[in-house]
Amino acid sequence: MSNRAENVGRTPERPPLSAILFDLRSVIGLLFVVYGVVLTILGLIGESPEELAKAGGLALNLTMGLVMLVVGIGFYVWAFVKPPLPPELDHVDHYEEGGPLHMGHDFAELHPDEVKRREAHRRRGHGH
């Protein structure tokens with residue numbers, strides 16, 4: 001773990017743009033923006049007086065389209081203002097150990113499937 005005293009005066013590294021763009025918030029924001037644009041266009045050019053009468057005089061496509069645009073843009077702003085954090089070095093060592101990242105090193109060594117895999121690996125002459 002990092003110590004706060006070590007991080008004083010250092011700015012955290014920003015993740016690459018691809019990490020921000022493929023973040024779940026960006027994907028959700030894209031969906032909201034696309035549907036918002038479609039509904040806004042339909043609200044501007046495609047509502048007949050009968051449709052307006054059904055909705056009680058409200059231009060629902062236009063209103064919901066604009067709301068969805070605002071929400072989608074909000075998701076993008078959120079993704080860029082608070083980008084996803086890179087994993088801490090404490091968690092990267094689990095990749096090298098071959099164990100499940102979320103369950104820790106002990107689980108990888110004690111899980112029956114992992115024990116069998118390691119025994120077979122050693123029998124083939126690839127032991128450590």
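Here, each number is a calculation from the coordinates, and none is a lab measurement. This one's a predicted model, so the numbers in the text were calculated from it and none came from an experiment. So basically every Cβ, Gly included, is an ideal-geometry build from the backbone, and we count neighbours across all protein chains shown.
Summary table below
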read-out	value
Cα-projected label distance for Arg123 with Phe22, points at 7 Å along beta-carbon direction, nm	3.8
Modelled FRET efficiency - R0 22 Å, Thr63 with Leu31, Cβ distances, 0.05 increments	0.75
Bins of 10 Å from zero: percent of alpha-carbon pairs in the stretch 12-52	25, 30, 22, 15, 7, 2
P(r) tail fraction, the stretch 17-81 - alpha-carbon pairs more than 17 Å apart, %	46
